[in-house]
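Report on the following structure.
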Amino acid sequence: MNNSESGVGKLIQELRNRRVFRVAAVYLGVGYAILESSSIIIPMLGFAEVIPKVILGILVVGFPLALIIAWMFQFTPEGLRRSPKTGEKQSQNEKPLTGNATIIILLVFIAGLLVYPQLTDSSTGVKDSMSSVDSKSIAVLPFTPFTKTDDDQSFADGMHDDILTQLSKVADLKVISRTSVMQYKETTMLISDIAKELGVANVLEGSVRRVGDQIRIVAQLINAETDEHLWAETFDRKYADIFSMQSEVAQKIARALKAKLTPKEKHYIETKPTENQEAWELYVRAELLWDADIMERDSIAVIYERAIELDPDFLLPYTELTALHAFAYFDGSGLDPRPERLEQARAALKKAIQLDPDAPETHRAQGYFHYYGSRNYAQALEEFSIAMESQPNNSDLFAATAFVQRRLGHWNESLANLQKAVSLDPNDGNKVRQLRDMAYMMRLWDISERYQGQLSAIHSHNEAGTESGWYYIELAQSGDLGKMQAILDQLMTKFDPAELLEIRVMHAEFTRDYENWLALELSDTLGSYFTIGNLLEWTGQSDRAQSYYDSARIDAEETIQENPQDWEIYGELGVALAKLGRYEEAIDWGKQEVELMSLSRDRLSGPTALEDLAEIYMICGMLDESIGLYSQILSMPGWLSVNWLKLSPHYEPLRNHPRFKELLEQYSDQSG
């Protein structure tokens with residue numbers, strides 16, 4: 001044992017004497033310095049990113065070799081010499097170059113490398129942010145007509161939309177959607193500022209002129225960081241060649257950005273949608289109107305149908321009509337739940353499949369039909385996935401995929417796809433609002449606040465409904481009535497109080513200001529019979545309250561008679577019946593709502609049905625059943641928050657129940 005310890009001690013002493021430990025330390029320090037230096041210098045010189053990895057490999061292989069050489073030799077001022085044995089004296093010139101001075105110099109150099117990035121961050125912030133942007137990303141600004149007539153402006157808008165659509169078919173590009181670039185029409189902003197707002201590296205500008213059957217397009221592609229013109233060209237064609245010209249422009253832009261264009265994409269870009277120019281113009285007009293106002297769906301449908309009359313084999317109007325009618329129907333609970341609307345969608349889709357079952361537009365239309373027509377989410381996802389292969393920059397497809405995924409309960413995947421949709425369409429208020437709301441339902445407050453800020457910027461902080469979002473986030477995140485009051489006060493100085501009725505009512509609810517709450521509800525034509533009945537009951541007017549509950553019952557029964565698919569009304573009827581003391585009927589209607597909109601059918605709407613049943617149980621005095629459902633609801637993404645349960649007087653019957661107190665404590669970490 002002692003001999004063994006003595007042997008190890010002698011080895012360590014010999015290693016120290018031969019300076020092996022110092023060599024190891026110096027080698028590691030020099031190696032680190034080389035790697036840090038290469039990470040700074042190589043990107044500046046534009047060399048391949050693999051070079052630092054090669055250097056690391058060489059250093060790893062060289063480490064044991066350096067230790068072996070250190071055992072045998074030393075580097076001295078006089079050159080390479082044999083390492084001394086223990087006890088052997090060395091002159092000054094024979095001492096190795098791994099002394100204290102060398103190590104100190106090396107440490108100072110390494111410290112400089114560590115400080116360098118911090119010193120350069122502030123001066124290169126803008127450049128770094130630009131260099132992190134995809135080099136093949138592009139925003140196509142609205143085209144400028146040579147003359148300012150309405151016809152020329154309409155033609156320029158259509159041409160812009162067409163070329164943007166063609167570019168978006170290239171998977172190797174990132175193309176910002178039309179909705180987000182239209183605000184830059186006739187802008188005086190710098191190209192670099194526009195690119196920064198949209199998160200792109202390149203911007204395409206263009207102007208258009210149409211005289212008789214002649215068309216001219218002047219286009220230039222600009223690198224936003226350097227202001228370098230990557231490509232510019234003037235195209236003169238006959239109007240009859242408009243489709244080939246659009247294809248040519250898109251392909252030249254793709255080549256200028258060094259984007260890979262697959263044979264399939266090239267074929268897709270070069271395919272003519274119709275031989276009838278007038279039908280094409282009508283289709284483009286309908287598309288632009290849809291972008292401007294989806295609520296004009298009936299007028300939009302008429303334009304699509306006129307295009308079909310001119311060319312019955314024109315695929316695209318059929319696919320758009322499918323989506324338009326299916327969205328309006330939405331499984332019998334949409335803006336137009338008539339069965340006739342669903343049949344219109346079905347007929348348009350049938351014709352589209354007959355014309356071209358493999359077209360991405362047809363797959364997209366089938367996805368919308370399965371989604372809105374029957375809530376067949378799995379089939380909708382499959383169709384959207386197929387369509388996305390040929391439409392990789394279609395922000396609406398990413399959004400639709402996200403909307404389907406959240407109804408299946410795939411919340412993280414849904415969030416990622418909706419973020420992708422917003423990255424392609426950052427100025428689309430609806431997409432940003434949906435993303436804010438999804439983060440809210442997932443109780444990701446930082447993300448919800450971020451997109452609330454983006455939404456406010458889109459509307460220049462001038463829209464009351466948008467700015468009210470700050471109040472809802474503060475409610476769910478902190479439940480601090482003082483902070484919520486401060487937000488409301490600030491909004492009241494900016495907007496007409498009538499525009500803020502919803503959050504004024506809500507704040508009166510949370511502060512138990514029943515008189516003001518009742519006055520607001522009675523002044524609002526949208527005030528519900530049930531809410532007014534509650535307020536009358538809480539202010540000691542029970543007889544009047546019963547008449548309002550009965551009016552709520554009558555309204556709900558009539559609505560269900562007209563449209564049995566409108567599942568949310570089942571819960572409203574159940575709550576009204578519970579308030580009227582008809583408990584068994586109330587619970588039955590609540591359970592019917594849960595059956596119609598079960599969690600297995602829809603993880604987005606399902607919690608709403610459960611919430612209605614929980615409220616019915618509470619009113620009926622079945623507190624344990626009610627608390628059990630509220631616990632289930634809080635365990636999944638949804639609108640209900642712990643702070644809402646804490647503040648709202650609706651839940652007063654549960655307030656002192658031990659299980660309710662435990663529930664609030666259990667989910668208290670959901671607050672920020």
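Can you give the accessible area per residue of the range 320-381, in Å², using a 1.4 Å probe?
In whole numbers, the range 320-381 has 39 Å² accessible per residue.
Ignoring everything but the protein chains, give the 1.4 Å probe accessible area of residue 443 in square angstrom, nearest 10.
Only protein atoms counted, so the area is about 40 Å².
Students sometimes get this wrong: rank 363, 160 by accessible area, probe 1.4 Å, all chains present, largest first.
Greatest to least solvent exposure: 363, 160.
Would you pull out the residues with amide H under 5 Å of residue 231's amide H, same chain only if 5 or more places away, H placed 1.01 Å from N?
Sorted by chain and number, the residues that satisfy this are 221.
Restricted to Cα positions, what overall size does the range 633-672 have along the principal axes? Three whole-Å values, descending.
24, 18, 18
Can you give the three extents of the C-alpha atoms in the range 283-328 along their principal axes, from longest to shortest, in whole Å?
So the extents along the principal axes, rounded to whole Å, are 26, 20, 13.
How many nm is it between the label spots at residue 299 and residue 539, if each spot is 7 Å from the Cα in line with the beta carbon?
4.2 nm
Using only the Cα atoms of the range 546-597, what do you get for the radius of gyration and for Dmax, in Å?
Values for the range 546-597 (Cα only, Rg and Dmax): 10.0, 29 Å.
One quarter of the convex hull surface, Cα atoms only: what value does that give for the range 523-672 in nm²?
9.6 nm²
Simple spin-label model, 7 Å along Cα-to-Cβ: residue 32 to residue 148 in nm?
Using points 7 Å along Cα→Cβ, the separation is 6.6 nm.
With r as the distance between the Cβ atoms of residue 559 and residue 236 and R0 = 56 Å, compute the FRET efficiency 1/(1 + (r/R0)^6) and round to 0.05.
Computed FRET efficiency for residue 236 and residue 559: 0.40.
Put one equal scatterer on each alpha carbon of the range 395-456, apply the Debye formula with no solvent term, and list log10 I(q)/I(0) at q = 0.13, 0.15, 0.22, 0.29 1/Å to two decimals.
Values returned for q = 0.13, 0.15, 0.22, 0.29 Å⁻¹ are -0.26, -0.35, -0.77, -1.27.
Keeping all protein chains in place, calculate the accessible area per residue for the range 467-605 (probe 1.4 angstrom), answer in Å².
I get 49 Å² per residue for the range 467-605.
Given the C-alpha atoms of the range 148-291, compute the convex hull and give its volume per residue in Å³.
It is 113 Å³ per residue.
Tell me the Kirkwood radius of the range 487-585: reciprocal of the mean inverse pair distance over distinct alpha-carbon atoms, in Å.
Across the range 487-585, the inverse of the average 1/r is 14.8 Å.
How big is Rg to Rh over the range 314-374, alpha-carbon atoms, Rh as the Kirkwood inverse-mean-distance radius?
My calculation of the ratio gives 0.97.
Keeping every protein chain present and rolling a 1.4 Å probe, give me the accessible area per residue for the range 619-672 in Å².
Result: 45 Å² per residue.
Which whole-Hz couplings ³J(HN,Hα) result when phi for each residue of the range 258-267 is put into the Karplus expression 6.51 cos²θ - 1.76 cosθ + 1.60, θ = phi - 60°, listed in order with x for Gly and Pro?
Whole-Hz 3J(HN,Hα) from phi for the range 258-267: 6, 7, 6, 10, 6, x, 5, 5, 4, 5.
Distances over 27 Å make up what percent of all Cα-Cα pairs in the range 320-466?
Cα-Cα pairs in the range 320-466 separated by more than 27 Å: 27 percent.
Of the peptides 554-567, 414-427, 188-201, how do they stack up when ordered by the mean number of other Cβ atoms within 10 Å, highest first?
Top to bottom by mean Cβ count within 10 Å: 414-427, 188-201, 554-567.
If you roll a 1.4 angstrom probe over the protein chains with everything in place, what fraction of the accessible area of the range 268-424 belongs to carbon and sulfur, to the nearest %?
Here carbon and sulfur together make up 50 percent of the probe-accessible area.
How would you rank 606-614, 236-244, highest first, on the average number of other Cβ atoms within 10 Å across their residues?
Ranked from most to least packed, the peptides come out as 606-614, 236-244.
Sort 229, 370, 507 from largest to smallest accessible area, using a 1.4 Å probe on the heavy atoms of the protein chains.
Greatest to least solvent exposure: 229, 370, 507.
Search the structure for amide H atoms under 5 Å from the amide H of residue 140, placed 1.01 Å from N in the peptide plane, and list their residues when 5 or more places away or on another chain.
When sequence neighbours closer than 5 places are left aside, the close amide H contacts are 176, 204.
What is the ratio of the Cα radius of gyration of the range 467-532 to 2.2 N^0.38 Å, with N the residue count, to two decimals?
Cα-based Rg divided by the globular estimate yields 1.09.
Between residue 490 and residue 551, what is the label-to-label distance in nm when each label sits 7 Å out along the Cα-to-Cβ direction?
So the label points at residue 490 and residue 551 sit 3.7 nm apart.
Convert each backbone phi in the range 169-184 into a coupling constant with the Karplus relation 6.51 cos²θ - 1.76 cosθ + 1.60 (shift: θ = phi - 60°), then list the ³J(HN,Hα) values in order as whole Hz, x for Gly and Pro.
Those phi angles translate into 7, 8, 5, 7, 9, 10, 10, 6, 5, 4, 3, 7, 9, 5, 5, 8 Hz.
In whole percent, and with a 1.4 Å probe on the protein chains, what portion of the accessible area of the range 507-582 is carbon and sulfur?
Result for the range 507-582: 43 percent of the exposed heavy-atom area is carbon or sulfur.
The values are calculated or read from the model by the stated rules, or taken from the named source; none is laboratory data. These figures come from a predicted structure and were not determined experimentally. Every residue, glycine as well, gets a Cβ built from its backbone with ideal geometry; the counts of neighbours run over all protein chains shown. These accessible areas exclude ligands, DNA and RNA; they are computed on the full protein's heavy atoms, side chains included. Shrake-Rupley method; radii C 1.70, N 1.55, O 1.52, S 1.80 Å.
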